[in-house]
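Student: Have a look at this one.
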Amino acid sequence: MLPKKTRQHRIMLTITASAATSASILTGCGGEGGAFFTNDRHTYVSTAWRPWTVTLVDTRNGEAVWSADVPVGKQLAVQFRKGAGPNENKPDMMDWEIKEAGRGGTLTNQIPVPGEYARRLEPTLRPTPEQSTTPPPPSH
């Protein structure tokens, strides 16, 4: 049996670790790829060593419904809206935007997509290193 002080210390460490994990999940600190909970928003940031191509696949037939090559220095954000699509074949809507890495804001593009039961985002990495096609900002 452990001394009382050691048991209390372990209990406090366990509570602290659990609280930290819960806080990161609740605040959506998932980083690239999404928040890792069901808010259906995902972000992919392309760098010279991690240039992303993201494809949305209809899992019913394997068809690529949509695809985007994310340029180096940019990010792709996608968000799904359940029930906003035009019909039962594509009942949801995907909002998306490519913008400067690290920028938030609204997603101004949209496309009807299969429901959550019939779609999969497939991020793939292109060959590296990939150079940016955007000129660097002017130095002052």
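The values are calculated or read from the model by the stated rules, or taken from the named source; none is laboratory data. Just so it is clear, the model here is predicted, and its values are computed rather than measured. Glycine also receives a Cβ, built like all others from the backbone with ideal geometry; neighbour counts cover every protein chain displayed.
Student: Taking segment 101-140 as the search range and keeping residues that are surrounded by 13 or more Cβ atoms within 10 Å (Cβ to Cβ) and farther than 25 Å from K90 by Cα, which one is modelled with the lowest pLDDT?
Tutor: S132
Student: Working only within segment 62-91, note down all residues that are more than 14 Å from R41 (Cβ to Cβ), surrounded by 12 or more Cβ atoms within 10 Å (Cβ to Cβ) and hydrophobic (A, V, I, L, M, F, W, C).
Tutor: V65, W66, A68, V70, V72, A84
Student: Also, I was wondering about something else. Among the residues of segment 92-110, is any farther than 21 Å from Y44 by Cα, assigned to a loop (DSSP other than H, G, I, E, B) and either without any contact (Cβ under 8 Å) to a residue 60 or more places away in the chain or acidic (D, E) (or both)?
Tutor: No - not one qualifying residue is present in segment 92-110.
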